[in-house]
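The values are calculated or read from the model by the stated rules, or taken from the named source; none is laboratory data. This is a predicted model, so every value here is computed, not measured. Please note: Cβ atoms are built from the backbone with ideal geometry, for glycine as well, and neighbour counts cover all protein chains shown. Only protein heavy atoms, including side chains, enter the accessible area calculation; ligands, DNA and RNA are left aside. Shrake-Rupley method; radii C 1.70, N 1.55, O 1.52, S 1.80 Å.
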Amino acid sequence: MDKEYIGALEDKCIQDCPPGCQSLCPLHVDVRKMLEAIQKADFNLARSIYERSVAFPGILSRICDASCRSGCLRGDYGGAIDVPRLEEAAVLFGMKKARKFRILRKRSERVAVVGGGLCGMTAALTLYEKGYDVELFEKSSSLGGCVRSIVLDILTPDIIAEDVSVFDSTAVSIRLNSGRNASELENLIESYDAVLVAWGSGQATRELVADIDTFICRHSGLFAAGSLLRKNYSPSTSMSDGRRAAVSIDRYLQGVSLSAGRDGELPFESCLYTNTETIVPSSVTVPAEGGSFRRDEALTEACRCVLCECMECVSACKLLEHHGSYPKRYVRELSNSVNQFYGVRKTKHMLNGCTDCGLCAELCPNDLSMGELCTMGKRELVERGIMPPAVHDFPIQDMIYSNSEQCSIRIFPEGADSVYFPGCQMQALMPDLLEKSYESILQMSSGRTGLYLGCCGAPADWAGRIPLRDEIIESFRTWWSGCGKPRIIYACTSCRKILANAVDKESLISLWEIFDEKSSENILPATVGEQPRLAIADPCTSRYLPEVRSAARSLFKRQGCEIEELFYSGELTRCCGFGGLVSLTEPEVGRLMVEARINESNEDYGLYCVMCQDNFASEGKSTRHILEVLYGASAHRKPPGSRISYSERQENRRRARESVRRRWASNHALPADDAWENTRLLISEEVAARVEERMILYRDIQRAVFEAELSGRRILNPETEHLIASNKPGVVTYWVEYSLEGEAVRIHNAYSHRLEVME
Amino acid sequence: MPTVTGSRLWSNYMKTEVSNIDGLLCEGCNLLLEAGKVHIRYMKSKFPAELLVCPGCGLIYVPEELAIGKMAEVERTLEDK
Ligand code: SF4
Ligand code: SF4
Ligand code: SF4
Ligand SMILES: [Zn+2]
């Protein structure tokens, strides 16, 4: 996987970006996390989150100018969150823990900080933590600076004293009543390795002209920061300045660049996206008494916080949710493991769990497509032989059979200008309705439409087997070109997606469009009886086919159905879990996808994709396929909650092919059956269910028995008098326990394994 | 991640278990199957194992418990590697 592509993809996901409150806070307090803690009434945690960014919590929470509020998403929905009052609540109701200073490396240099206000105090603490010998000079008789002149009932001397007492547990030496004038400064510069002047506003001098980003002055070793450099007083900015000046001094003393890599220290505009559709406006909580929140008031106000985040794709996609993180992380993990084969285990499950439905890209504010990435990764693993072939063997073998002489037929009558491509799944699941729809098409086109029974190659595409897919498409394309490139009438939008790789898009038209166009011609059956109310579930491959979606709706309506829209519909439709073969290869995720989809509405679903129908109905959802609304239920329909077995599907395909041949192409030869296909099986329901669950087809059983009987390579269990045969037609080895009953074969058991056993 | 070798995964499947299955007959040779050395291969792993084999023609037998038990487990582990 290309590094640049991966990097660009990673950058697209902004889920990691801090919300507006945090990004605009000069100290970048993790407001969201703090408010989440208060929402859970965990004031202790809230306080400790606040104190991670704020060294003097008691002071700042009372007087903060709260620039976070201008970035708060709530601003447009009843008013920005009252963050400072909640910070005060965190300090009031959260337990105070003595601050522990962890000095990683003691340094020999000495630094003087002049000015005991918020800026100087913060700088002194930061430098002390970085290991320096720090002396803090304050011209008055106590620390605190100009905060001392702030209205008493907001900021009592007690609060200041408590915050300032943090210095008691440090080795910072505090020199009160000193550091008053310029001459003293000269001496300090002489005797310390670096000096920071952090005076209040209006005290700037010529020497103290400093670079506004790094705080360094012209005189080497001299720094100036804080209100003296600023027009407006902002306590949070003073503290931020103190911290940033300390970082500059540290860098200066270590002899590294003062400015490199310091993005994000200053307030910045957040790039986080948050969906606001469901936000209900609410007004800011006002404290009942005095200026502070009670606990319950704090809780109420904190609960107004939206806990801004993106997660648009994750909340819609069961795969992304199932793996517990979000694309920024997934992109890195996936590319690392595909490139370095590290942790491929988890990756395979991720790649095989993606239906490539495209919803994530549609929802993402930056169009990040996990589907594209997963498809790419899957193909790469297949190409390099790291994807176990057995994972996709079953659907691939099924596809090969769909395209075999037994199931596939290509009919193109003289003078035809179109060909009907119903798809292998309709042939397997509702072969009777396939024939009925073909009858209607023939009538509509006065017989000038051919028929192609076979698979488009989607399973190969989904399995990442590109050469195989292309072989199938090419075979279709050659035939289609030979017919003079007729218009292709497709029923399945997944077929359309695959076929669009091979033919020009103008040749492709949906069956529903044809039916809708000709609906006035009285060829389609009229409505009989009352039609149900249906919620239309668009297949994911119809996402970019608005004409197909509207034709389908119009047909439902024509038949008298009242229709309803699902939340995930149209361009935002969700996959049923069949795409990417997910239902087969990652059944757990597949089931989650089906469940999520069928629970979107209690109404019966109106469908125009056979696979959606199969997936939803077998999980118990009441559904109507559009062809059923037109022609009545298929004779092959199972009651909701049960499924048509894989063997039945294959049998349906074979029979449909034969029926079509008899009705419309009797000049076509009968397929040359393999001799073993005539082996007649007797299977009890119990054994049939077991065999289906193990994904063993009757055809596999027939072949194993037939070959054992032919070659005599079989085992006898004298105790049960059962015979045992095995056969390995592809990746899988099948075992069958059987006995002969006249001409037929009684099957007692069958199982399989993928390990290859040899002498 | 340590590489898991197939044979280590396999080693729990003991000789005794193999010879527990008694009296199976190779119809072609009319001989009783006996415990014998075989090889097992999957993906990029190959390792020796012991299974019931016909001493005449080498026909190998894999019982159901083994196929759906130990073997399935080894398959999953090797596939997840
Ligand atoms: S709603 Fe909450 S998380 Fe979002 S910006 Fe406002 S305070 Fe921050
Ligand atoms: S939609 Fe998903 S990928 Fe896109 S920014 Fe949001 S979390 Fe990231
Ligand atoms: S299943 Fe669909 S929404 Fe989920 S990651 Fe894949 S393409 Fe995106
Ligand atoms: Zn033998």
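Both the radius of gyration and Dmax for the protein assembly as shown are 37.0, 117 Å, in that order, over alpha-carbon atoms.
Using Cβ point charges alone (K and R +1, D and E -1), the dipole size of the protein assembly as shown about the Cα centre works out to roughly 1280 debye.
Distance cut-off 23 Å, Cα to Cα: go down the list A:Lys497/A:Lys728; A:Lys40/A:Lys346; A:Lys12/A:Lys318 and report the pairs above it. Pairs exceeding the cut-off: A:Lys497/A:Lys728; A:Lys40/A:Lys346. Convex hull volume of the Cα atoms of region A:336-395, normalised per residue: 85 Å³. Residues of region A:1-20 with amide nitrogen under 11 Å from the 7 Å Cα-to-Cβ point of A:Arg384? Hits in region A:1-20 for A:Arg384 at 11 Å: A:1-2. Summarising the amide proton neighbourhood of A:Phe137: residues at separation of 5 or more, or on other chains, whose placed amide H is nearer than 5 Å comprise A:Val113, A:Val114, A:Gly115, A:Arg175.
Helix A:587-598 and the longest principal axis of the Cα set of chain A meet at an angle near 90°. For B:Glu73 and A:Asp504, a Förster radius of 35 Å and the Cβ-Cβ distance give a FRET efficiency of 0.10, rounded to the nearest 0.05. Across every direction, the projection of the convex hull enclosing the Cα atoms of region A:6-79 has a mean area of 6.6 nm². 3J(HN,Hα) along region A:406-416: 5, 10, 9, 8, 10, 10, 9, x, 3, x, 6 Hz, from the Karplus curve 6.51 cos²θ - 1.76 cosθ + 1.60 with θ = phi - 60°, whole Hz, x for Gly and Pro. Length available on full extension from A:Thr478 to A:Ser404: 0.36 nm per residue minus the Cα-Cα distance, which gives 25.0 nm. Per-residue 3J(HN,Hα) values for region A:156-162, derived from phi via the Karplus relation 6.51 cos²θ - 1.76 cosθ + 1.60 with θ = phi - 60°, read 6, x, 4, 4, 4, 4, 5 Hz in sequence order (x marks Gly and Pro).
Taking amide H as placed 1.01 Å from N in the peptide plane, the amide H of A:Tyr605 sits under 5 Å from that of A:Ala535, A:Ser622, A:Thr623, A:Arg624, each at least 5 places away or on another chain. Couplings for region A:712-725, taken from phi via the Karplus curve 6.51 cos²θ - 1.76 cosθ + 1.60 with θ = phi - 60°, read x, 7, 9, 10, 10, 9, x, 5, 9, 6, 8, 9, 10, 10 Hz in order; Gly and Pro are left as x. Put simply, the amide H of A:Thr274, placed in the peptide plane, has no neighbours under 5 Å, leaving out anything fewer than 5 places away on its chain. Our summary of shape: the Cα atoms of region A:435-585 have principal axis extents of 48, 40, 24 Å, ordered from largest down, in whole angstrom. The interface between chain A and chain B buries about 3000 Å² of solvent-accessible area in total (1.4 Å probe, ligands and nucleic acids excluded).
The distance separating the Cα centre of region A:705-748 from that of region A:669-701 comes to 13 Å. Each of A:Lys505, A:Lys436 has its accessible area taken with a 1.4 Å probe; listed largest first, they run A:Lys505, A:Lys436. Taking every alpha-carbon pair under 8 Å whose residues sit at least 6 apart, region A:213-300 reaches a relative contact order of 19 percent.
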